[in-house]
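Just so you know, all these numbers are worked out from the coordinates, no wet-lab data involved. Predicted model only: the values in this text are computed from it and were never measured. Cβ: placed from backbone, ideal geometry, glycine included. Neighbour counts: every protein chain shown.
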Amino acid sequence: MTGFIALEMRRSLRDVRYLVIAVAMPIGLYLLFTGLYGARGQRAQGLPQPAELMIAMIAYGAMWAVFSATGPRIAHERAIGWTRHLRVTPLTPAAALSGKLLTALAAALPAMALVALTAVASHHVQLSAAQWLAMLAAMWAGVLPLALLGLAIGYFAADEIAFPLTMALYFALGALGGLWMPLSTMPLTMQDIGQALPSNSVAELGWRIAGGQASMPRAVLVLTAWTLGSGLSALFAYRRRAIRSAS
Amino acid sequence: MASVRTDPIPPPLLEPGTPQRTAAEDRLAVWSAGLAKSYGSTVALAGLDLQVAAGETVALLGPNGAGKTTTIGLLLGLLAPGRGQVRVYGRPPSQAVAAGLVGAMLQDAGLMPGVRVGELLAMVRGLYPRPLPLDELVGLADLGSLLRRRADRLSGGQAQRVRFAAAIAGDPLLLILDEPTAAMDVQARRNFWRQIHGFASQGRTVLFATHYLHEADDAADRVVVIAAGRKIADGPPAEIKADFGDQQVRFTLIQGSPELLDALDGVRAVEQDHSRVTLHSGDTDATVRSLISSGLRWSGLEVGGLDLETSFLRLLGDRT
């Protein structure tokens with residue numbers, strides 16, 4: 001199984017869609033937004049603009065990283081029959097599924113780290129070592145429901161619609177989740193919706209830790225609920241496919 | 001039909017986890033009894049008894065929709081049987097697959113996209129407890145220069161070789177192939193069966209589904225014919241061919257008594273249209289040999305057969 005995960009990861013690092021959308025785009029958007037909104041001034045959580053935007057873009061990049069390694073890829077593998085071939089190897093379904101999940105989570109790390117490095121290099125964002133560590137760890141754990149959501153899409157959706165569907169979801173979760181513009185600039189209803197989204201909650205974890213606020217019950221609650229919902233959907237979708245795959 | 005082999009008494013069924021196994025059971029690569037599967041009201045398989053001894057190459061022959069792919073799905077644990085039982089090397093199929101005893105080439109099964117062939121095969125080998133050495137795998141599947149190519153950018157024939165390599169990478173005792181040559185041209189087919197022979201000659205068991213009688217005839221030690229979800233024949237290829245591929249010998253009779261035609265070896269029926277004679281034969285080789293030594297004068301010899309589809313229809317008609 002380690003070989004399976006290692007190869008999946010190597011494949012992610014060569015995947016142009018992953019590299020462009022998950023790695024290059026958040027970096028580009030970070031530089032664009034810090035340029036547009038100015039490097040000074042404050043947004044939500046009382047963080048300096050460059051730090052606050054950095055966290056938003058870390059969440060944004062991590063989100064596409066886990067989506068790209070799951071939804072479109074799994075749907076495509078199902079369509080071309082690679083999934084079926086794997087099922088007649090000693091790789092157990094549980095190992096195949098958890099391998100996909102681990103690969104997706106691993107793919108988030110370079111995307112997250114590179115946005116952080118860009119922020120440090122371009123705008124000298126400063127956090128304590130403990131804050132960096134806690135922030136990245138919490139946000140990384142926070143993308144779990146998004147990875148599970150990607151798995152669910154991969155096993156539910158047909159190959160042709162998995163990519164546009166994932167892409168639409170990615171933009172919607174980014175925009176509505178306050179990663180492009182702060183939720184505080186939106187109407188109240190939109191703010192309520194935004195706060196219930198996993199994208200906003202992942203960023204919220206980072207903002208709170210970077211802002212020195214330890215308590216973040218809402219974000220944790222939202223992410224736990226999404227983890228349960230997405231996890232169950234993924235399992236249901238997977239089992240549905242497994243039963244039908246050999247017909 | 002004289003050549004259809006009746007099944008020997010099946011061995012006592014082994015419950016999973018039963019420690020004692022007889023040597024005879026261990027030697028059976030595949031054993032099924034009353035294996036049945038339906039999809040809703042559609043019966044895909046209606047009670048199949050199948051035995052494949054270790055080291056045998058067996059063809060599962062039948063027209064489209066006969067139940068071949070369903071049988072293979074059941075043998076690989078991809079499907080759960082509706083009724084009946086199936087064992088692969090004495091184990092439930094999914095356990096045999098998990099133990100790396102089985103390799104398979106499924107119909108339309110693709111390769112992992114985005115990686116090189118060499119990387120793909122290294123990963124697949126890593127899934128098995130005792131994989132084939134890489135150089136042996138490269139030789140058996142004729143991979144040559146393909147190892148550095150992207151697995152999703154191969155021609156049809158190249159992809160087929162890599163799929164074969166992925167199926168045998170774990171050095172399985174049993175290789176299962178579902179219509180492996182469906183998309184191949186004649187040359188690719190010939191090469192493919194040469195590779196299968198190379199693999200099978202090392203004592204492995206091969207079970208393949210096909211709807212080509214000549215392919216079953218060329219490649220298999222034994223042919224199991226299924227149609228409409230039932231086994232309708234089981235025997236050596238020559239017997240199956242005699243029963244199913246109604247072969248014909250045609251020629252123009254120039255001189256000699258037509259009464260002699262009935263007495264030629266292998267002849268089952270004689271048709272005559274003026275001087276053009278059609279002999280229906282169970283063994284065209286023998287018929288032609290005895291025709292040559294018969295003293296009859298003839299010209300324009302043709303040897304041919306009915307296609308399998310027609311044979312199946314005829315046979316199913318006989319049975320019902």
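Rg/Rh for the range A:86-128 (Cα atoms only, Rh after Kirkwood) is 1.35. Here r is the Cβ-Cβ distance between A:A79 and A:A141 and R0 is 30 Å; the resulting FRET efficiency, rounded to 0.05, is 0.45. Relative to the longest principal Cα axis of chain A, at what angle does helix A:198-210 sit, 0 to 90 degrees, rounded to 10? Tilt of helix A:198-210: around 40 degrees. Length, then width, then depth: along the principal axes, the Cα atoms of the range B:203-273 run 52, 30, 17 Å. Projecting label points 7 angstrom from Cα along Cα→Cβ for B:S299 and B:T252 puts them 0.6 nm apart.
The residue list A:A138, A:L114, A:A234 was ranked by how far each Cα lies along the charge dipole of the range A:2-244 toward its positive end, using unit charges on Cβ atoms, and A:A234 comes out on top.
Which value in Å does the Kirkwood hydrodynamic radius of the range B:242-296 take, with 1/r averaged over all unlike C-alpha pairs and then inverted?
11.1
Put in order of Cβ neighbour count within 10 Å, fewest first, the listed residues A:T2, B:T69 become A:T2, B:T69. Distance distribution note for the range B:65-174: the fraction of Cα pairs above 22 angstrom is 37%.
Over the range A:158-231, what portion of Cα pair distances is larger than 16 Å, expressed as a whole percent? Distances greater than 16 Å cover 55 percent of the Cα pairs. The Kirkwood hydrodynamic radius of the range A:2-244, based on inverse pair distances between different Cα atoms, is 18.1 Å. Think of each Lys and Arg Cβ as +1 and each Asp and Glu Cβ as -1; about the Cα centre, that makes the dipole of the range B:63-136 roughly 340 debye.
Magnitude of the charge dipole for the range A:2-244, about its Cα centre and with charges confined to Cβ atoms of Lys, Arg (+1) and Asp, Glu (-1), is about 620 debye. Residues within the reach of a label modelled at B:R27 (point 7 angstrom out along Cα to beta-carbon, backbone nitrogen below 18 Å), restricted to the range B:220-262, are B:221-222. For the residues of B:110-118, the average number of beta carbons from a partner chain within 10 Å of their own beta carbon is 6. Modelled spin-label separation between A:Q131 and B:R149, with each label point placed 7 Å from Cα along the Cα-to-Cβ direction: 5.5 nm. Computed from the Cα positions only, the extents of chain B along the three principal axes stand at 70, 48, 39 Å, in decreasing order. Charged side chains reduced to their Cβ positions (Lys and Arg at +1, Asp and Glu at -1) give the protein assembly as shown a dipole of some 1940 debye around its Cα centre.
Across the alpha-carbon set of the protein assembly as shown, the Rg to Rh ratio works out to 1.15, Rh being the Kirkwood radius. Straight-line cross-link partners of B:K241 among the aspartates and glutamates, defined as a Cα under 15 Å from its Cα and at least 8 positions apart when in the same chain: B:E215, B:D217, B:D218, B:D221, B:D283, B:D285, B:D307, B:E309.
Relative protection proxy for B:28-38, A:215-225, from highest mean packing down: B:28-38, A:215-225 (other beta-carbon atoms within 10 angstrom). With helices as the sole contributors, chain A gives -25000 deg cm²/dmol at 222 nm; each DSSP H run of n ≥ 4 counts as -39500 (n - 2.57), and the sum is divided by every residue. Taking a ≥ b ≥ c as the square roots of the Cα gyration tensor eigenvalues, with a/c under 1.5 meaning rounded and otherwise prolate when a/b beats b/c, else oblate, which class fits the range B:182-230? The shape class here is oblate. Per-residue ellipticity at 222 nm computed for chain B from its helices equals -9000 deg cm²/dmol, with DSSP H segments shorter than 4 residues left out and the rest contributing -39,500 (n - 2.57). Note on chain B: dipole from Cβ charges, positive end direction compared against B:Q95, B:P81, B:L127; the farthest Cα belongs to B:L127.
Kirkwood radius, the range A:105-221, all distinct C-alpha pairs, inverse of mean reciprocal distance: 15.5 Å.
With the largest listed first and rounded to whole Å, the semi-axes of the equivalent ellipsoid of the range A:191-236 from the Cα gyration tensor are 22, 11, 8.
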